[in-house]
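The structure under discussion appears below in the form of structure tokens.
Please treat every number below as a calculation from the coordinates, not as lab data. Being a predicted model, the structure only gives us computed values, none of them experimental. Methodologically, a virtual Cβ is constructed for each residue, glycine included, from the backbone with ideal geometry; neighbour enumeration extends over all protein chains shown.
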Amino acid sequence: MSANPYSPPKAALEAHAHGEYWRDGKNVMCRPGSTLPPRCVKCNEPALQPMKARKLYWHHSAWYLFVFVNIVIYVIVAMIVRRKAVVTYGICAKHRNRRWLFIAIGWGGVALGVLLILANAAVALILMLVAMLTGLFGSRLAYPTRITKEEVRLGGCGEAFLDSIELGAEAAVPAPRLGLGSCPNCHARLPMDAPACLKCKAVLSPGSVLTPIRG
């Protein structure tokens, strides 16, 4: 069944705490502990129930430089400086199965690399690295791109899900005030974007030229 183009956005039909979550460009912003709408964050289809409360971890990307020093040092530092938050969001059956598939690819590649390490260590290490990266990025759902005490910024959400989330107040830029002008017919003061003059009732077409009033 095709979607009704005249139906209101789903976000407008759902009750949620004011300011609990909102859209900011390609990201979903939410408060720590928030519960997002019961739809898949990838495709906006109904999410499997019950939705899971997911523990999210994030640290500034500069800390990854410790990987080039020593991987063990990086792990210790990351455990210390990372920030965490809990956000509840859902996925559909299709994207759950896709996630499991990539996890299986990752672990399968690592297991195959272990078996091949005696035959060709270089090839085995490359295989394990590729498998781990494929499993990690392929199975990733919504992920944190920043965590603070007040907000969690989530990336990786699909366009359909993003379109269903209301824009935040900071994203809604108010239209600039155009000031006052004078009616070309009776010279009465009126807003520059007024559709008609309140005094002489003249209808002002989009091509009408109003004289700006300064001060």
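At ALA104 and THR145, where each label point lies 7 Å from the Cα along Cα→Cβ, what is the point-to-point distance in nanometres?
So the two model labels end up 3.2 nm from each other.
Using a 10 Å cut-off on Cβ atoms, rank the peptides 66-77, 149-160 from the highest mean neighbour count down.
Top of the packing list down: 149-160, 66-77.
Please list, in order along the stretch 82-88, the HN-Hα scalar couplings obtained from phi with the Karplus expression 6.51 cos²θ - 1.76 cosθ + 1.60 (θ = phi - 60°), rounded to whole Hz, x for Gly and Pro.
Rounded to whole hertz, the list is 5, 10, 10, 7, 10, 9, 9.
With an 8 Å cut-off on Cα pairs and a minimum separation of 6 or more residues, tell me the relative contact order of the stretch 58-137 in percent.
It rounds to 24 percent for the stretch 58-137.
Just to verify a number: FRET efficiency for GLU166 and LEU116, C-beta to C-beta distance, R0 = 41 Å, to 0.05?
Taking R0 as 41 Å, the efficiency between GLU166 and LEU116 is 0.20.
Around ALA196, which amide H atoms from residues at least 5 apart in sequence, or from another chain, sit under 5 Å from its own amide H, with H modelled in the peptide plane?
Placed amide hydrogens put LEU204 under 5 Å from ALA196.
From the phi angles alone, apply the Karplus equation (6.51, -1.76, 1.60; θ = phi - 60°) to the stretch 142-149 and give each ³J(HN,Hα) in whole Hz, x where the residue is Gly or Pro.
These are the phi-based 3J(HN,Hα) values: 6, 10, x, 9, 5, 10, 10, 5 Hz.
How high is the FRET efficiency from LYS199 to HIS60, r the C-beta distance, R0 45 Å, rounded to 0.05?
Working from the Cβ atoms, E equals 0.15.
Counting pairs of alpha carbon atoms under 8 Å apart in space and at least six apart in sequence, what relative contact order in percent does the stretch 95-140 give?
52
Considering amide H positions built from the backbone, and no H for Pro or chain starts, which residues 5 or more places from ASP24, or on another chain, come under 5 Å of its amide H?
Here MET29 satisfy the definition.
Report the FRET efficiency, 1/(1 + (r/R0)^6), for ARG96 and LEU125, where r is their Cβ-Cβ distance and R0 is 30 Å, rounded to 0.05.
0.45
Which ³J(HN,Hα) values, rounded to whole Hz and listed in residue order, are derived for the stretch 152-159 from phi using the Karplus coefficients 6.51, -1.76 and 1.60 in 6.51 cos²θ - 1.76 cosθ + 1.60 with θ = phi - 60°, glycine and proline given as x?
10, 9, 9, x, x, 7, x, 4
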